[in-house]
1. Does the range 365-386 hold any residues that are under 32 Å from the mean Cα position of the chain (by Cα) and surrounded by fewer than 18 Cβ atoms within 10 Å (Cβ to Cβ), and which are they?
2. Of the residues that make up the range 341-364, is at least one among the polar types (S, T, N, Q) and not in a strand (DSSP E or B)?
3. Can you say whether residue 94 is in contact with a strand residue (DSSP E or B) (Cβ under 9 Å, 6 or more places away or on another chain), surrounded by 13 or more Cβ atoms within 10 Å (Cβ to Cβ) and at pLDDT 50 or above, as far as the supplied structure shows?
4. Filter the range 228-245 down to the residues that are surrounded by 16 or more Cβ atoms within 10 Å (Cβ to Cβ) and at pLDDT below 95 and list them by number.
5. Which one is surrounded by the fewest Cβ atoms within 10 Å (Cβ to Cβ) among residues in the range 327-364 that are of a type outside the set (S, T, N, Q) and touching a Lys or Arg at 6+ places or on another chain (Cβ under 8 Å)?
6. Sort out which residues of the range 404-414 are open to solvent by 10 Å² or more (accessible area, probe 1.4 Å), assigned to a helix (DSSP H, G or I) and at pLDDT below 95, and write them in order of number.
7. Do we find that residue 68 is assigned to a strand (DSSP E or B) and either in contact with a Gly (Cβ under 8 Å, 6 or more places away or on another chain) or under 30 Å from residue 285 (Cα atoms) (or both) in this structure?
8. Among what's in the range 339-350 and is of a type outside the set (A, V, I, L, M, F, W, C) and at pLDDT 90 or above, pick the residue that is farthest from residue 215 (Cα to Cα).
Amino acid sequence: MAQREFRLPDLGEGLTESEIVAWKVAPGDRIELNQVIAEVETAKAVVDLPSPYAGVVTRLMVDAGVTVAVGDPIISVELGDGSGTADDAAPPNLVGYGATAEAVSARKPRRFADAPVVSPVPSQPTAEVSPPAETPTRRRAAPPVRLLARQLGIPLETVEGTGDRGLVTRADLERASNSSPASDDDSTLAPVSGVRKLTAQAMVASAFTAPHVTVFLQVDVTPTLELLERLKSEAAFRGARLTFLTAVARAVCLALGADPSVNARWEEGGIRQFRHVNLGIAAATARGLLVPVIPAADTLGFRELDDAIGELVQTARAGTTTPAAMTGGTFTITNVGVFGVEGGTPILADGQAGILAVGAVARRPWEFGGEIALRSVVTLSLSFDHRVVDGAEGSRLLAGIAGLLADPARAFAF
């Protein structure tokens, strides 16, 4: 029977590498066409990777936790009867995963599990170095793991590998690091990948490209909270979450509809204005910060918007948000209040001109009806791109959002 090596495909969005989060199969398993064989983390999401072949798994060529370049072989499969021969089988191109690996990367793939990695010799950069014979003390490891070992100052020869045929994995190094005596400065360097790596790159690009301006406003949101409590008892909203975040999202959509200058982005040819509000909601997850998007949120009713936010947050925390669900945003809300924070200076999402940070709602002494009373007060922080929006426009938008939250009954159409 023919053997096939499956190479990591292009998962779209121009990504060049992915990390194998977990294998769903093992050597000796019989698999079907399109069966999920692994969970793979790109810089944007964790996705299921289906098999382009049916047959028996003969070898996993990369350990879980290893970052793999597009085009690198990751699994070997012995094809079942009737699957064709080595001469007539074409390279697979998975639907939705972009071009074939050969079209993306023409370089020779690395075989992490086949051959020992030979470190380059600085004094002889052009010399061809032959790999030394395998010895009991030499440890096999993928290049990212060797790099991490150097960063942690741990000799690979001292680490017992638990991977395939003694391969040293990232987890082996982490265990060795935890059991080793602390260094002089008692610090370690943690590799950054996946969502956190992309977030860092996007934040740097935004902070050093768009001139940020942030304005702040405190507002009495007691009427909004009281309205939400009344709505929960109505039949039309039975079973709805009706959180304060939904009210803020509704206010943002209405305010942007009345003053759409911030619902835009800067481009070299001018300022692109958007007709609908594609609302990003920042969600803190175990994998890092995700910002899934509700398309055309301004067209949704209050109950529909509440349901959309609930589904969006649940999907993000479950780690099943797709890369497509995090694209196309025109304005973002980040709810820092869930951490007890009053406010801040949020950084714009790349390609957007506005982001609103919502602080914690707190009971405070406040002037109300000519007297001092305890009221529910929140701080709103709006950052905007000063190339797109001037101070008057940004301040007017923030005041509009605050006005709707201070007196929601006059504007919230349900």
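The values are calculated or read from the model by the stated rules, or taken from the named source; none is laboratory data. Just so you know, these numbers come straight off a predicted model, no measurement behind them. Neighbour counts are summed over all protein chains in view; Cβ atoms, including those assigned to glycine, are modelled from backbone coordinates with ideal geometry. Just the protein is used for accessible areas: all its heavy atoms, side chains included, with ligands, DNA and RNA removed. Shrake-Rupley method; radii C 1.70, N 1.55, O 1.52, S 1.80 Å.
1. Here is the first cut: in the range 365-386, the ones under 32 Å from the mean Cα position of the chain (by Cα) are 377-386.
Within the range 365-386, 386 is the sole residue that qualifies.
2. Initially, the range 341-364 is screened for residues among the polar types (S, T, N, Q), giving 345, 352.
Add one more test, that the residue is not in a strand (DSSP E or B), and what stays is 345, 352.
Within the range 341-364 (the criterion being among the polar types (S, T, N, Q) and not in a strand (DSSP E or B)), the answer is yes, since at least one residue qualifies.
3. Numbers: in contact with a strand residue (DSSP E or B) (Cβ under 9 Å, 6 or more places away or on another chain): yes; surrounded by 13 or more Cβ atoms within 10 Å (Cβ to Cβ): yes; at pLDDT 50 or above: no.
Considered against the rule, which asks whether it is in contact with a strand residue (DSSP E or B) (Cβ under 9 Å, 6 or more places away or on another chain), surrounded by 13 or more Cβ atoms within 10 Å (Cβ to Cβ) and at pLDDT 50 or above, residue 94 comes out as no.
4. Initially, the range 228-245 is screened for residues surrounded by 16 or more Cβ atoms within 10 Å (Cβ to Cβ), giving 228, 231, 237, 240, 242, 244-245.
Answer for the range 228-245, where residues must be surrounded by 16 or more Cβ atoms within 10 Å (Cβ to Cβ) and at pLDDT below 95: 228, 231, 237, 240, 242.
5. Residues of the range 327-364 of a type outside the set (S, T, N, Q): 328-329, 331, 333, 336-344, 346-351, 353-364.
Now restrict to residues that are touching a Lys or Arg at 6+ places or on another chain (Cβ under 8 Å): 351, 353, 363-364.
Numbers: 351: 19, 353: 28, 363: 10, 364: 13.
Applying the filter and picking the extreme gives 363.
6. In the first step, residues of the range 404-414 are kept if they are open to solvent by 10 Å² or more (accessible area, probe 1.4 Å); the result is 404, 406-407, 409-414.
If we keep only those that are assigned to a helix (DSSP H, G or I) as well, we get 404, 406, 409-410.
Result: 409, 410.
7. Values: assigned to a strand (DSSP E or B): yes; either in contact with a Gly (Cβ under 8 Å, 6 or more places away or on another chain) or under 30 Å from residue 285 (Cα atoms) (or both): yes.
Against the criterion (assigned to a strand (DSSP E or B) and either in contact with a Gly (Cβ under 8 Å, 6 or more places away or on another chain) or under 30 Å from residue 285 (Cα atoms) (or both)), residue 68 qualifies.
8. Filtering the range 339-350 down to residues of a type outside the set (A, V, I, L, M, F, W, C) leaves 340, 342-346, 350.
With the extra rule that they be at pLDDT 90 or above, the set shrinks to 340, 342-346.
Numbers: 340: 20, 342: 14, 343: 11, 344: 10, 345: 8, 346: 11 Å.
Filtering the range 339-350 for residues that are of a type outside the set (A, V, I, L, M, F, W, C) and at pLDDT 90 or above, the one farthest from residue 215 (Cα to Cα) comes out as 340.
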